[in-house]
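The values are calculated or read from the model by the stated rules, or taken from the named source; none is laboratory data. Just so we're clear, the structure is a prediction, and the values are computed from it rather than from any experiment. Counting neighbours? That spans all protein chains shown, and the Cβs are built from the backbone with ideal geometry, glycine included. What goes into the accessible areas is simple: the full protein's heavy atoms, side chains included, and nothing from ligands, DNA or RNA. Shrake-Rupley method; radii C 1.70, N 1.55, O 1.52, S 1.80 Å.
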Amino acid sequence: MNPFSSGTRLRDMIRAIRACKTAAEERAVVRKECAAIRAAINENDPDYRHRNLAKLMFIHMLGYPTHFGQMECLKSIASAGFPEKRIGYLGLMLLLDERQEVLMLVTNSLKQDLNHTNQYIVGLALCALGNICSAEMARDLAPEVERLLQFRDPNIRKKAALCSVRIIKKVPDLAENFINPTAALLKEKHHGVLITGIQLCTDLCKASTEALEFYRKRCLEGLVKTLRDVVNSPYAPEYDIAGITDPFLHIRLLRLLRVLGHGDADASDCMNDILAQVATKTESNKNAGNAILYECVETIMSIEDNGGLRVLAINILGRFLSNRDNNISEPLDFFFQDSDASIRKRALELVYLLVNENNVKPLTKELTEYLEVSDQEFKGDLTAKICSIVEKYSPEKIWYIDQMLKVLSEAGNFVKDEVWHALVVVISNASDLHGYTVRAFYRALQASAEQESLVRVAVWCIGEYGDMLVNNVGMLNIEEPITVTESDAADVVEVAIKSHNLDLTTKAMAMIALLKLSSRFPSCSERIKDIIVQHKGSLVLELQQRSIEFNSIIAKHQNIRSALVERMPVLDEATFSARRAGSLPATVSSSNGASLNLPNGVAKPAAAPLMDLLDLSSDDAPAPSSSGGDFLQDLLGVDLSPASVPSGTNQAPKAGTDVLLDLLSIGSSPVQSNPSTPDILSSSQDNKMSIATLDGLSSPPSVPVRSTSAGGAASMMDLLDGFVSNSPKPEDNGSAYPSVVAFESSSLRLTFNFSKAPGSPQTTLIEATFTNLSPNVYTDFIFQAAVPKFLQLHLDPASNNTLPASGTGSVTQTLRVTNSQHGKKSLVMRIRIAYKLNNKDVLEEGQISNFPRGL
């Protein structure tokens with residue numbers, strides 16, 4: 001006989017596969033066998049269908065595709081004989097799952113078999129339905145399963161109860177149909193039926209409050225009596241395990257009583273006596289007895305308070321902990337000594353649950369000390385637990401920073417990004433600890449530069465607070481004096497940027513730190529420039545681009561460098577915590593200026609107003625809309641609902657985000673110029689730059705920050721040495737739109753003149769004229785603007801950076817606004833005008849909404 005014909009026996013195929021010496025030989029055997037099975041299927045040969053299905057199931061278990069045989073399962077199920085149905089249902093459960101569309105074709109066969117006169121065929125159908133039942137099948141076949149709960153044969157009742165469990169999980173709305181039939185199962189004498197009935201009752205109580213109340217009133221006393229009978233029953237060989245009668249029934253009953261007693265004092269009182277009896281009479285020298293005692297303790301702790309029972313439960317737990325059997329006890333000594341990884345892991349879980357505000361310091365100390373000697377494969381779990389404990393229970397920020405520094409120094413490569421992001425947020429808020437923190441991380445970085453997360457936080461701190469490091473600002477009594485020169489600070493960052501073991505994110509953060517140090521340490525500026533220039537030819541585009549841009553800033557734009565690299569604003573801890581949890585808080589800052597309660601036991605004062613056009617921290621900021629739109633919507637007071645996103649774009653509306661966090665992204669894709677992308681601060685649409693040292697904190701793309709300065713505007717924007725040309729001013733085309741005084745104060749007037757770009761009705765050209773109404777000259781004049789998402793704004797450089805006094809002259813600037821909702825929504829704009837008066841900074845702001853119709 002051909003070993004690969006459709007008539008080959010299953011054992012012959014298995015023998016041929018096991019004889020293969022390589023994976024390639026095995027694949028060849030399976031391929032030939034599958035070809036023979038396909039040929040038999042095409043011939044519709046019923047004689048060997050059952051044999052072919054058996055082979056397909058074995059091939060499926062080896063991991064090879066067998067989808068071509070799914071219809072053969074349905075054909076076997078439709079057969080009249082029990083052997084064919086048995087192999088068909090077995091193939092159905094193995095080769096298909098509830099997601100397969102083919103499964104819809106078997107519903108009618110299942111219904112017929114559930115009503116079959118042969119109880120064994122009924123059992124096959126129940127078994128299959130309990131394994132692969134989908135929600136649609138559950139709705140169609142629930143009446144048949146409900147009827148079979150009262151079938152004469154106990155095996156069918158047991159299978160029907162198990163099938164009902166799956167039906168309720170798939171369609172909880174059907175739970176009420178099974179409440180009354182299940183109550184009858186709780187009186188069964190057959191332990192198999194009783195256990196499945198109790199499990200079904202437990203799931204019904206979890207799915208339906210109606211079922212929970214029903215069983216509390218009607219069945220609780222009966223369940224208590226059943227448990228008492230099992231506890232006091234004489235020796236029964238068919239149920240005995242290690243001298244205990246049916247421990248599985250014990251455990252199921254205790255779990256159901258736990259559900260019924262939770263939150264109900266009367267139900268808890270009813271079961272107090274039997275729980276005490278189980279706790280005192282069950283032997284603890286066998287695993288079966290310990291399993292029952294464990295469930296009994298869980299039940300006692302879950303029901304309503306009973307002092308005596310809880311003392312008894314705690315004593316049982318004490319015996320568990322003092323037991324020398326590793327399967328029962330988990331004392332903390334095993335955490336440090338036991339060679340079994342599973343025991344160490346479970347002990348870690350126990351320690352994690354034991355931590356609270358009172359014992360967090362000693363337990364964290366034990367964990368961090370063990371971190372130094374733990375195995376590499378265990379450091380990941382241990383690090384995650386320590387970080388979670390420190391963040392959750394930290395009593396003060398300095399302790400939080402110290403513990404996180406220890407973790408980063410020992411296992412920084414195992415720390416997740418969101419953990420060190422959170423640390424940076426905490427550091428930025430601890431203004432009185434900036435000097436202490438940068439010195440601590442400087443020491444740690446000198447000792448070990450191999451932990452990635454440690455290097456990232458350290459270079460961020462040095463970039464932000466390097467001057468504090470050199471000048472020993474904010475020294476605490478607990479610190480030892482340290483002498484660090486400007487050159488020393490630059491050295492450690494240079495080592496990080498040249499290290500071959502660190503990734504792109506870390507090197508990019510180090511390069512930004514060098515840029516910041518070039519402003520803080522003028523004496524090292526040329527040396528820092530040389531370090532940065534070395535990466536102009538880097539094969540990594542990110543480093544190459546940063547090198548070119550930063551070199552241009554240092555060499556040609558000294559006048560703007562200090563403004564670009566000033567310290568980052570304080571990051572809002574509440575906002576960041578909400579982002580980590582997956583949702584933003586209802587407000588960004590305190591509406592009344594009161595302090596905000598933050599984690600780690602420290603109250604953070606309300607954020608000071610930031611030099612930000614969107615003014616996210618001002619006290620008079622409008623409350624966020626109920627739709628959860630972004631901050632522009634809240635600040636501008638316009639409708640930025642999803643409907644405002646231009647048709648034809650695939651970009652979804654961006655949810656409300658913290659603009660400061662959006663500025664901190666490394667390696668994000670460039671912001672595209674499209675109608676749905678807002679220009680937050682615009683001066684040149686073709687140039688955008690984000691200078692921040694905390695990269696990677698946010699996943700959204702970086703928000704471009706743009707500003708103009710008179711006179712030096714072109715050089716400020718042209719960081720790539722002349723790649724950008726200024727847009728020509730629009731010619732007067734005889735616009736019919738009237739001029740508008742867009743903004744006027746006691747010292748300044750802003751006038752808008754409008755015209756339309758030829759052939760583009762959605763684009764409006766605005767000539768802004770600024771007039772000084774005071775007798776003083778304004779210098780360092782800067783104009784900034786923000787528009788909502790349905791608008792796109794482009795600003796040309798201003799004509800001058802000095803505004804003459806008393807209206808003797810003016811400054812002009814051209815704006816180009818594209819309205820993607822032209823004809824539906826009017827223009828709206830928020831502006832900020834900054835200038836210097838007698839060497840003092842002056843800031844004026846306003847919102848413009850009086851644009852002519854039709855723009």
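Things worth noting here:
- Meeting the requirement of 3 or more residues that are open to solvent by less than 50 Å² (accessible area, probe 1.4 Å), at negative phi and touching a residue at least 40 places away in the same chain (Cβ under 8 Å), the helices (runs of 4 or more DSSP H) wholly within the range 468-545 are 486-498, 504-520.
- Screening LEU74, LEU95, LEU114 for residues that are without any contact (Cβ under 8 Å) to a residue 40 or more places away in the chain, of a type in the set (A, V, I, L, M) and out of contact with any Gly (no Cβ under 8 Å at 6 or more places or on another chain) leaves exactly one candidate, LEU114.
- Output for the range 408-448, where each listed residue is open to solvent by 30 Å² or more (accessible area, probe 1.4 Å) and touching a Gly at 6+ places or on another chain (Cβ under 6 Å): PHE414
- Criterion (under 19 Å from ASP503 (Cα atoms) and in a helix (DSSP H, G or I)) met by exactly one of VAL426, VAL457: VAL457
- Where LYS187 falls short, out of the listed (1) open to solvent by 40 Å² or more (accessible area, probe 1.4 Å); (2) more than 16 Å from LEU220 (Cβ to Cβ): (2)
- Conditions (1) at pLDDT below 90; (2) over 24 Å from PRO143 (Cβ atoms); (3) open to solvent by 50 Å² or more (accessible area, probe 1.4 Å); number of the one not met by THR66: (3)
- Residue check: PRO701 meets all listed conditions (1) assigned to a loop (DSSP other than H, G, I, E, B); (2) open to solvent by 30 Å² or more (accessible area, probe 1.4 Å); (3) modelled with pLDDT of 80 or more but one, namely (3).
- Qualifying positions in the range 735-761 - among the charged types (D, E, K, R), open to solvent by 70 Å² or more (accessible area, probe 1.4 Å) and within 48 Å of the chain's Cα centre (by Cα): GLU744
- Meets criteria (modelled with pLDDT under 90 and buried (at least 18 other Cβ atoms within 10 Å of the Cβ)) for LEU126: no
- Residue match in the range 453-460 (condition: in the same structural domain as TRP420 (by the TED database), modelled with pLDDT under 90 and aliphatic (A, V, I, L, M)): no
- The set of residues from the range 357-400 being farther than 23 Å from HIS421 by Cα and polar (S, T, N, Q) comprises ASN358, ASN359, SER374, GLN376.
- Unique match (being open to solvent by 10 Å² or more (accessible area, probe 1.4 Å), modelled with pLDDT of 90 or more and in a helix (DSSP H, G or I)) among LEU90, LEU74: LEU90
- Per the listing ALA267, ALA291, the residue uniquely in contact with a Gly (Cβ under 6 Å, 6 or more places away or on another chain), closer than 24 Å to ASP203 by Cα and in contact (Cβ under 8 Å) with a residue 40 or more places away in the chain is ALA267.
This table checks each residue for (1) farther than 21 Å from LYS187 by Cβ; (2) open to solvent by less than 60 Å² (accessible area, probe 1.4 Å); (3) modelled with pLDDT of 90 or more.
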| site | (1), (2), (3) |
| --- | --- |
| GLY222 | no, yes, yes |
| ALA242 | yes, yes, no |
| HIS250 | no, yes, yes |
| LEU254 | no, yes, yes |
| GLY261 | no, yes, yes |
| GLN277 | yes, yes, yes |
| THR282 | yes, yes, no |
| ASN285 | yes, no, no |
| ALA288 | yes, yes, no |
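- All positions within the range 392-405 that are open to solvent by 40 Å² or more (accessible area, probe 1.4 Å) and more than 20 Å from GLU357 (Cα to Cα): none
- The listed residue being β-branched (Val, Ile, Thr) and crowded, with 22+ Cβ neighbours inside 10 Å, out of THR779, THR802, THR764, THR808: THR764
- Residue in the range 770-782 that is under 46 Å from the mean Cα position of the chain (by Cα), at positive phi and not in a loop (DSSP other than H, G, I, E, B) present: yes
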